[in-house]
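Notes for the one structure printed next.
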Amino acid sequence: MSNCTVYIDESGDLGVNRGTQWFVLSAVIVNKEDEAGIRATISRLKARLNLREIHFKNIPSFYKRALIVRELSSEAFTYMNVLVDTNQFDLSKIPTPTIAYNYVCKYLLQRVSWYLRDNNLVADIVLSARGTSRDGELIQYISNKLLPYPSNNIYASVFDKITAKPASSWDMLQLADVCATTMFLTYETHDYGFCLPCFSMALQEHLYKKNNKVDSYGIKFFQQNMKPDIIGLRKKRICTQKERTPGTTTT
């Protein structure tokens, strides 16, 4: 019997050369005994911000976003992400978004299963439903193509039921939306040339770590060549302090 739940949601567009450069698939692991507190926090946030649901990308206010991540940062959960630079796909090997998504899902469930195994947990999986036939197809793919085969490096014994639910009516999937979108905003370049890492930094203590290492665990790039140059990335962050030229002064 499961004692926790894995909520999975995404941010960005996985289509190659259209939509967004980055795609993020995130999994949030929550002990069932902690869900009531998180649901209460989400309900309070929605009431205070006059929202029917927390869909992070549709909330333009910086301060409303900051309030959401600040309040959720005090809750108990762990999350992990697989990040894809869609401009770096090898189309000869991964020709369609569906095939790409399946690979991303495999990498994500690997990390989820490692965490569950190491913490002696068993989890239900709840996917964010799209309202299309793809929901059922993804459940079947996970059940029939990923979990039964040890070569996928996924510990199937740590999983129980798999379902898909609409995020609009399922509060815990809104937490997954926040985690996925804040990570997306950390890497995606805005029209004005900025990235916004501050929201994901507020949640960084919740990232999955193994031996105090986040890289390849809490944050896994789909391919190593997709990992961005940190110096170039920092130049896009307005909150990053720039080094001053020796001898200059500021006013």
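Some notes on this structure:
- Of the residues making up the stretch 111-152, those that are within 24 Å of P166 (Cα to Cα) and of a type in the set (S, T, N, Q) are S113, S128, T132, S133, Q140, S143, N144.
- Checking H190 against (1) more than 18 Å from the chain's Cα centre (by Cα); (2) more than 21 Å from A66 (Cβ to Cβ); (3) surrounded by fewer than 20 Cβ atoms within 10 Å (Cβ to Cβ), the condition it does not meet: (2)
- Residue in the stretch 144-155 that is in contact with a strand residue (DSSP E or B) (Cβ under 6 Å, 6 or more places away or on another chain), in a helix (DSSP H, G or I) and either of a type in the set (G, A, S) or crowded, with 20+ Cβ neighbours inside 10 Å (or both) present: no
- Residue within the stretch 66-79 that is of a type outside the set (D, E), without any contact (Cβ under 8 Å) to a residue 60 or more places away in the chain and touching a His at 6+ places or on another chain (Cβ under 9 Å) present: yes
- Qualifying positions in the stretch 148-173 - under 20 Å from E75 (Cα atoms) and touching a helix residue (DSSP H, G or I) at 6+ places or on another chain (Cβ under 6 Å): A167, D171, L173
- Residue among L109, L116 that is within 16 Å of the chain's Cα centre (by Cα) and modelled with pLDDT of 95 or more: L109
- Residues located in the stretch 35-85, provided they are of a type in the set (D, E) and under 18 Å from D9 (Cβ atoms): E35, E53, E75
- Among (1) of a type outside the set (S, T, Y); (2) part of a loop (DSSP other than H, G, I, E, B); (3) within 14 Å of M172 (Cα to Cα) - the single one E33 does not satisfy: (2)
- Against the test of being surrounded by fewer than 19 Cβ atoms within 10 Å (Cβ to Cβ), in contact (Cβ under 8 Å) with a residue 12 or more places away in the chain and not β-branched (V, I, T), the options C198, C179 yield a single qualifying residue, C198.
- Consider the stretch 36-65 and keep the residues that are assigned to a loop (DSSP other than H, G, I, E, B) and in contact (Cβ under 8 Å) with a residue 40 or more places away in the chain. The one that is surrounded by the fewest Cβ atoms within 10 Å (Cβ to Cβ) is R52.
- Matching residues in the stretch 170-198 - criterion: being at pLDDT below 95 and closer than 12 Å to F56 by Cβ: L196
- Within the stretch 83-106, being surrounded by 13 or more Cβ atoms within 10 Å (Cβ to Cβ), part of a helix (DSSP H, G or I) and not β-branched (V, I, T) holds for Q88, P97, A100, Y101, N102, Y103, C105, K106.
- In the set L138, L116, L173, L109, only one residue is assigned to a helix (DSSP H, G or I) and more than 30 Å from R18 (Cα to Cα); that residue is L116.
The values are calculated or read from the model by the stated rules, or taken from the named source; none is laboratory data. Predicted model only: the values in this text are computed from it and were never measured. Glycine gets a Cβ as well: all are built from the backbone with ideal geometry, and neighbour counts include every protein chain shown.
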